[in-house]
Amino acid sequence: MEYKSNVRVVRVMCSGRIEPTFVLRAFTKGADGVLICGCHPGDCHYQEGNYRCLRRFLLLQKYIRQLGIETERLKLEWISASEGKQFAELVNSFTETITELGPSKIKETMKVLA
Ligand code: FES
């Protein structure tokens, strides 16, 4: 399966391992969008990791909105390792959304806050 070459994949053991600082760091380092993928609800190998991820995601959305960043730049989807075609389609769709939004202004915003 192929997806856009401007995507950088950062693998973690479980979506529950994703700290909010990982996402904020990605934005401040120049990412125009962050797509978080986790196992489908009920399928987490660590029991509740994806539920933890969902709670953090909802908080992060509020936070980035307050920073003036479009919430469309942060997306959470449940997708399993066996859904390669859907993953490629999801990544390409998200990339198109981000391309339409244009470059993120979060880097400048974070400079002002620092
Ligand atoms: S192993 Fe926890 S979300 Fe996939």
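The values are calculated or read from the model by the stated rules, or taken from the named source; none is laboratory data. As the structure is a prediction and not an experimental result, all values here were calculated from the model. For accessibility, only protein heavy atoms count, side chains too; no ligands or nucleic acids. Shrake-Rupley method; radii C 1.70, N 1.55, O 1.52, S 1.80 Å.
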TODO: Determine the distance separating the Cα centre of segment 33-60 from the Cα centre of segment 65-114; give it in Å without decimals.
DONE: 16
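Expressed as a rounded percentage, what relative contact order does segment 1-86 have, with Cα pairs under 8 Å and six or more residues apart?
Numbers: 82 pairs, mean separation 30.8, N = 86.
Here the relative contact order equals 36 percent.
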Task: Other-chain or far-sequence residues with amide H under 5 Å of Gly38's (modelled H) - done: Glu77, Trp78, Ile79
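How big, on average over all directions, is the shadow cast by the Cα convex hull of the chain, in nm²?
Dividing the Cα hull surface by four gives the mean projection, 6.9 nm².
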TODO: Over the alpha-carbon set of segment 1-60, work out the extent along each principal axis and list the three values in angstrom, largest first.
DONE: 32, 30, 16
Open item on the list: Can you list the DSSP H helices in the chain whose Cα atoms extend at least 20 Å along the helix axis and whose mean Kyte-Doolittle hydropathy is -0.5 or higher?
Closed with: 84-101
Task: Diffusion constant of segment 75-114 at 10 °C, which comes from Stokes-Einstein with the Kirkwood Cα-pair radius and 1.306 mPa s, µm²/s - done: 130
Task: Accessible area (Å², 1.4 Å probe, nearest 10) - Arg56 - done: 60
